[in-house]
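Just so it is clear, none of the values below were taken in a lab; they were calculated from the coordinates. On a predicted model such as this, the values are computed, not experimentally measured, just so you know. A quick note on method: Cβ atoms are made from the backbone with ideal geometry, for glycine too, and the neighbour counts reach across all protein chains shown.
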Amino acid sequence: MDDYEAYDALGLAELVRTGETTPTALLDAAIERLEKRNPALNAVVIPMLEHARQAIAAGLPDGPLRGVPFLLKDLHVTVPGVRTTHGSRLFADFVPKHESEMAARFRRAGLVTFGKTHSPEFGLTTSSESRLFGQTRNPWHPERGAGGSSGGSAAAVAAGLVPAAHATDGGGSIRVPASCCGVFGLKPTRGRTPAGPDAGEGWSGMSAQGVVSRSVRDSAALLDAIHGPDLGAPYAAQPPARPFLAEATAKPGRLRIALQTTTWNAAPTDPRCAAAAEDAAKLCASLGHHVEEARFEVELEPFREATGVIIGASTRATMEDRARALGRPLAPEDVEPGTWLVASGGAARDAVTYVRALRTIHRLGRELARFLERYDVLLTPTLAVPPVPLGVLSLSNPNPGDSIRTLFQTVGFTQLANATGNPAMSVPLFWDADGLPIGSHFVGRMDDEATLFRLAAQLEEARPWFERRPPLA
C-alpha cells in the first residue's frame, strides 16, 4: 500500500471490499507511518498495535468501513484492557473493563483501532499538551500547537497516519484542531452521538463526539455509523431525513449566509483569520449563495459565567470521583495548575448557580434559533488567532494570564455552538503567508447537519484540499 495516503477512508474500504488489498496490509501501512512520523508529532500516545492485529485475526464486522485503520482520542471512550487517561496523571493507570458505546460503534463499522491520540488534561485547553504525555506538534509547523483538545487526532490525520480519527468537542475541540491542521471537522448537534454507558452527556450537553477527516464524505459516513441514542440516553437529536453520506452528494441550493468576523467574547480577531472567513464568504457568493454581514449578539458576562460554572463543576466532579476510587483525598498536585484553577472555581459554586448556568445556555440556544430563522448558516473564522506557539496554551503555563487571553481567542467563535447545541464545522479553505492553515467556521440550524454537509462538499469540490499536505519526511 505505497499509495495508502491517496485514499480517504471510504476509498480504502472499497479496496478491501473488492479484494484489492487487505485489512492487514492497510494496518501495516498505517503502522509504518506511525513509526516514521509520530516521534516528531507525538500525536498517538497509547499504541494498540497488538489489539488491532488481534481484531483482524478474530474477523472484522462487515461494516461500511471494514479494514480501515483508525485512532481513538484518549478522552471519554473506553476499550477493555486499554488505558484511558484523559490526558491526566490522575488517571495514568486507569484501565477500564468495559467498552464505551462510541468505541463499539466504531468497531461495528469495521474500523481497526490501533492507537489512542493525545488530549490535554480533561480536554480543558485548545492545545494538546499535558504533563503526562508532552506536546503534540503541528504537522505544518513543529513549533506551533496542533490545536485541542483533539489535537492528536487532527495531527495524525493531517500527517497521513489515518484518513479519519475520533474527536470530541466541548468548546471547539473538533473544529479548533481541524483548523490548525488543515483538515475537516464537524461537531454534531447536541444528542446526535452517544455518551454512554458511563455518562448521559458531557459538560451538561455542551460536549459532543465525532471525527476529524481529510474528506467531507468520510465525516458523513462516520456520522452515519455512530449517530443515534444509546440505551438509556436522556435525550437525542432529531433523526436525519436520510443518510448523511447522501447529503454529502446533494446540492445545497441557494443558501442565506450571515458573515461575522468579530468574536462573541470580545477577544480580538487576527486579521489573517478575518481574511480567511471573508475569503470563504466570497467563495460562497461565487457559488450562488446570498452572503451578508450580520452579528449575533451574546450577553458576555452571563455567557462566561455559565460556561465556567458548567465546565468547572463537571471537572471537579470527575476529579473527586477518581480520588475517591483511589481511596484518598484530592490534592492540587494531582492535576496541572490550570486544571486545578478551573475545578476550584467550579467547586465554589452552589446548586442554584449551576441551574442558572443551564438556563443561560438554554436561553442562548433559543436566541440563536431565532437568529437562524433569517439565515441558513452563520459563517465566522474558526479561531480568532492562527495556530499558537507551543507552551502558551498549556495548563502548566507559568503565566496563566497569557494562556487565558489566548484561550479566549481560540474559542471566541467556536464555543457558542457548544452552548447552544447547534452543529458546526471547520472547513480548510485558507492558508496564510507562513503556510499555516486557517479554517472557516460554519454554524447550522439545530439538527441540520444535512445543510452543512451539502455546503462542505460543494466547497470541497470548488477548492479541493485533499492533496494539500504538510511538508513531512
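Let me make sure I get this right: for the range 4-462, a, b and c are the square roots of the gyration tensor eigenvalues over alpha carbons, sorted descending. Under 1.5 in a/c it's rounded, otherwise prolate if a/b > b/c, else oblate. Which is it? Before the final figure, lay out the partial values.
Working: a/c = 1.37, a/b = 1.04, b/c = 1.32.
It is rounded, given that a/c, with a ≥ b ≥ c, falls under 1.5.
Neighbour counting of Cβ atoms within 10 Å sorts the residues VAL216, VAL309, fewest neighbours leading, into VAL309, VAL216.
Over its Cα atoms, what ratio of radius of gyration to 2.2 N^0.38 Å does the range 43-165 give? Before the final figure, lay out the partial values.
Values: Rg = 14.0 Å, N = 123, 2.2 N^0.38 = 13.7 Å.
Its radius of gyration relative to the 2.2 N^0.38 Å reference: 1.03.
Note on the range 152-281: Cα-only Rg and Dmax are 16.0, 46 Å.
Amide H to amide H distances under 5 Å link ALA195 with ASP230, where only residues 5 or more positions off or on other chains count and H is placed in the peptide plane. Around the amide H of ALA237, modelled in the peptide plane, lie the amide H atoms of ARG192, all under 5 Å away and 5 or more residues distant in sequence or on another chain. Taking θ as phi - 60° and the Karplus parameters 6.51, -1.76 and 1.60, the scalar couplings of the range 464-470 work out to x, 10, 4, 7, 7, 10, x Hz in sequence order, x denoting glycine and proline.
Taking a sphere under 15 Å around the Cβ of MET206 and counting the other residues whose Cβ falls inside, with K and R at +1 and D and E at -1, yields a net charge of +4. Expressed in units of 2.2 N^0.38 Å, where N is the residue count, the Cα radius of gyration of the range 164-226 is 1.06.
Shape verdict for the range 5-60, please, from the Cα gyration tensor: rounded (a/c under 1.5), prolate (a/b greater than b/c) or oblate. Oblate, because a/c is 1.5 or more while a/b does not exceed b/c.
What ranking do CYS181, CYS273 get, fewest neighbouring Cβ atoms within 10 angstrom at the top?
Values: CYS181 34, CYS273 29.
Arranged by neighbour count, lowest to highest, CYS181, CYS273 become CYS273, CYS181.
Set the Förster radius R0 to 41 Å, insert the Cβ-Cβ distance between ALA285 and THR22 as r into 1/(1 + (r/R0)^6), and round the FRET efficiency to 0.05. Here the calculated transfer efficiency is 0.35.
Label-to-label distance, ALA331 versus GLU35, with points set 7 angstrom from Cα along the beta-carbon direction: 4.1 nm.
Each Lys or Arg adds one and each Asp or Glu takes one away; over the other residues whose Cβ falls under 13 Å from the Cβ of PRO302, this sums to -1. Database remark: amide H of THR117 closer than 5 angstrom to the amide H of VAL45, LEU72, LYS73, ASP74 (H placed geometrically; neighbours at sequence offset of 5 or more, or on other chains; Pro and chain starts carry no H).
I'd like the antiparallel share, as a percent to the nearest 5, of DSSP beta bridges with both residues in the range 4-462. The answer is about 75 percent antiparallel. Per-residue Karplus couplings for the range 358-368, computed as 6.51 cos²θ - 1.76 cosθ + 1.60 with θ equal to phi - 60°, are listed in order as 4, 4, 5, 6, 5, 5, 4, x, 5, 5, 5 Hz, Gly and Pro entered as x. Computed over neighbours whose Cβ is under 12 Å from that of ASP447, the net charge equals +1, Lys and Arg +1, Asp and Glu -1. Is the range 222-315 rounded, prolate or oblate when judged by the Cα gyration tensor, a ≥ b ≥ c being the square roots of its eigenvalues, rounded requiring a/c under 1.5 and prolate requiring a/b larger than b/c? Cα axes put the range 222-315 in the oblate bin.
Quote the charge dipole size of the chain about the Cα centre in Debye, to the nearest 20; the model charges only the Cβ of Lys and Arg (+1) and of Asp and Glu (-1). Before the final figure, lay out each step's value.
Values: 48 positive and 52 negative charges, 110 e Å.
Dipole magnitude for the chain comes out near 520 debye.
Among the chymotrypsin sites (Phe, Trp or Tyr not before Pro) found in the range 222-303, those both in a DSSP coil and sparsely packed, with 12 or fewer other Cβ atoms within 10 Å of their Cβ, are TYR235.
With r as the distance between the Cβ atoms of VAL352 and ASP3 and R0 = 56 Å, compute the FRET efficiency 1/(1 + (r/R0)^6) and round to 0.05. Display every interim value, and only then the final one.
Working: r = 60 Å, r/R0 = 1.06.
Calculated transfer efficiency: 0.40.
In this simple spin-label model, placing a label point 7 Å from the Cα along the Cα-to-Cβ direction at both GLN238 and ASP434 gives a separation of 4.3 nm. Spin-label model, ARG89/HIS362: points 7 Å from Cα along the beta carbon direction are separated by 4.0 nm.
Say R0 is 51 Å: what FRET efficiency, to the nearest 0.05, do ILE56 and ARG463 get from their beta-carbon distance?
The calculated FRET efficiency here is 0.85.
In order along the range 168-173, the phi-based Karplus estimate (6.51 cos²θ - 1.76 cosθ + 1.60, θ = phi - 60°) of 3J(HN,Hα) comes to 10, 8, x, x, x, 6 Hz; Gly and Pro are listed as x. When all C-alpha to C-alpha distances in the range 115-171 are sorted into bins of 10 Å, what percent of pairs does each bin hold, rounded to whole numbers? Values per bin, smallest distances first: 29, 57, 14. Counting only DSSP H runs of at least 4 residues, each contributing -39500 (n - 2.57), and dividing by the residue count of the chain, the helix-based mean residue ellipticity at 222 nm comes to -12000 deg cm²/dmol.
Arrange MET425, MET48 by Cβ neighbour counts within 10 Å, fewest through most, would you?
Fewest-to-most ranking of MET425, MET48: MET48, MET425.
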